[in-house]
1. Which residues, counting only those in region 74-102, are surrounded by fewer than 14 Cβ atoms within 10 Å (Cβ to Cβ), modelled with pLDDT of 90 or more and not in a helix (DSSP H, G or I)?
2. Does any residue of region 263-270 turn out to be surrounded by fewer than 16 Cβ atoms within 10 Å (Cβ to Cβ) and in a helix (DSSP H, G or I)?
3. Within region 176-199, track down each residue that is under 30 Å from F119 (Cβ atoms) and either out of contact with any helix residue (DSSP H, G or I) (no Cβ under 6 Å at 6 or more places or on another chain) or open to solvent by 30 Å² or more (accessible area, probe 1.4 Å) (or both).
4. Taking L105 and the conditions (1) touching an Asp or Glu at 6+ places or on another chain (Cβ under 9 Å); (2) part of a helix (DSSP H, G or I); (3) more than 20 Å from N33 (Cβ to Cβ); (4) of a type outside the set (D, E), which numbered condition does it fall short on, given that it satisfies the others?
5. Checking the conditions here, which among I153, I224, I130 is under 30 Å from F52 (Cα atoms), out of contact with any Gly (no Cβ under 6 Å at 6 or more places or on another chain), part of a helix (DSSP H, G or I) and at pLDDT 95 or above?
6. If T9 satisfies all but one of (1) open to solvent by 70 Å² or more (accessible area, probe 1.4 Å); (2) of a type in the set (V, I, T); (3) modelled with pLDDT under 90, what's the number of the condition it fails?
7. Quick check: anything in region 153-174 charged (D, E, K, R), surrounded by 15 or more Cβ atoms within 10 Å (Cβ to Cβ), closer than 30 Å to K296 by Cβ and in contact (Cβ under 8 Å) with a residue 40 or more places away in the chain?
8. Search region 38-49 for residues that are assigned to a loop (DSSP other than H, G, I, E, B) and pair each with any residue that is open to solvent by less than 50 Å² (accessible area, probe 1.4 Å) when their beta-carbon atoms are under 6 Å apart and the residues are at least 6 apart or on different chains.
Amino acid sequence: MKPNSIVPTIEHEKTSLFLSLLKEMRPKQWTKNLLVFASAIFAGTFLDPAIFINTLIAFIAFSLMASSIYVINDIQDVEKDRQHPDKCQRPIASGAITITQASVLGAIVFLTSITLAAFVNYQLIIILLIYFFANLLYSFRLKHVVIIDVMFIALGFVLRAIAGAVAVNGELTSWFLLCTMSLSIFLALGKRRHELELFKDTPTNRRKVLEHYSSKLLDQLMAIATSLVIMFYSLYAATEDQRMMYTVPFVIYGIFRYYYLIYIKNSGGKPEELLISDWHILITVVLFGASVIFIKQFV
């Protein structure tokens with residue numbers, strides 16, 4: 001190899017490593033953390049510059065904290081991921097990055113997350129640490145416990161909502177938490193059902209907890225969760241702010257569309273990607289958010 005051809009090769013390797021590290025952080029999953037903005041939106045303070053900046057910092061901090069958990073999970077499950085049809089493409093499982101490199105990445109994003117949270121307030125740091133240790137508990141033990149695994153996934157979403165509230169010193173109402181919890185449980189159940197169907201013919205490759213689930217059970221639990229989401233949100237709109245009744249159809253359509261994607265399109269395993277890939281869901285979420293901002297800020 002000629003000396004002047006070495007430089008492009010090194011640059012290509014650096015670029016490839018950077019992209020692999022970025023992929024390991026799973027930026028597509030960060031759409032889940034948009035829930036951090038919910039408190040400011042529903043409080044009608046979203047357009048306030050100071051509030052928006054604090055919420056944005058909280059969003060970035062939570063996204064980085066979630067990335068540190070993804071790194072830990074991928075290191076722990078590297079051998080299982082190599083047997084998975086999709087997860088085998090993850091950077092650690094595919095060999096694109098080493099476990100040492102992944103460990104350094106995890107430490108950096110964790111410390112960066114805590115540092116950013118410190119610029120907001122100490123309550124946000126506490127919520128991030130609760131989220132981190134709750135996920136460690138989930139990853140190493142509770143993800144194998146039937147029903148509890150779904151509840152802990154929902155807890156992660158509730159903590160996102162709380163993080164957004166503490167970042168702007170907002171008020172957490174019982175309706176807000178109930179709606180977040182029931183919607184989170186619904187999405188988690190949908191994810192489990194998709195996984196169950198995906199590995200119907202190869203049960204040895206699926207996660208252990210799926211041995212305790214059946215499609216019938218998950219269908220019934222999802223129906224209950226759906227009823228709770230619509231009931232809680234409708235009651236909130238009817239009792240707390242009747243102007244929000246105009247947004248109820250968006251909630252109903254969004255849930256029905258998700259059901260359609262699960263049962264007809266055999267998707268739903270990655271709700272964070274559906275927000276980007278399914279334009280019906282995307283438009284519904286955008287219209288819902290815009291409606292809430294308009295009602296809370298201008299009506």
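1. Listed by number, the list holds a single entry, T98.
2. Yes, region 263-270 contains a residue that is surrounded by fewer than 16 Cβ atoms within 10 Å (Cβ to Cβ) and in a helix (DSSP H, G or I).
3. F176, L177, M181, L183
4. (3)
5. Of I153, I224, I130, the one residue that is under 30 Å from F52 (Cα atoms), out of contact with any Gly (no Cβ under 6 Å at 6 or more places or on another chain), part of a helix (DSSP H, G or I) and at pLDDT 95 or above is I130.
6. T9 satisfies every listed condition except (1).
7. yes
8. Listed by first residue and then by second, the contacts come to G44/K296; T45/I51; F46/A40; F46/I293.
The values are calculated or read from the model by the stated rules, or taken from the named source; none is laboratory data. Fair warning: this is a prediction, and the values are worked out from it, not measured in the lab. Positions of Cβ are generated from backbone atoms using ideal geometry, with glycine treated the same way; all protein chains shown enter the neighbour counts. With ligands, DNA and RNA removed, areas are computed over all heavy atoms of the protein, side chains included. Shrake-Rupley method; radii C 1.70, N 1.55, O 1.52, S 1.80 Å.
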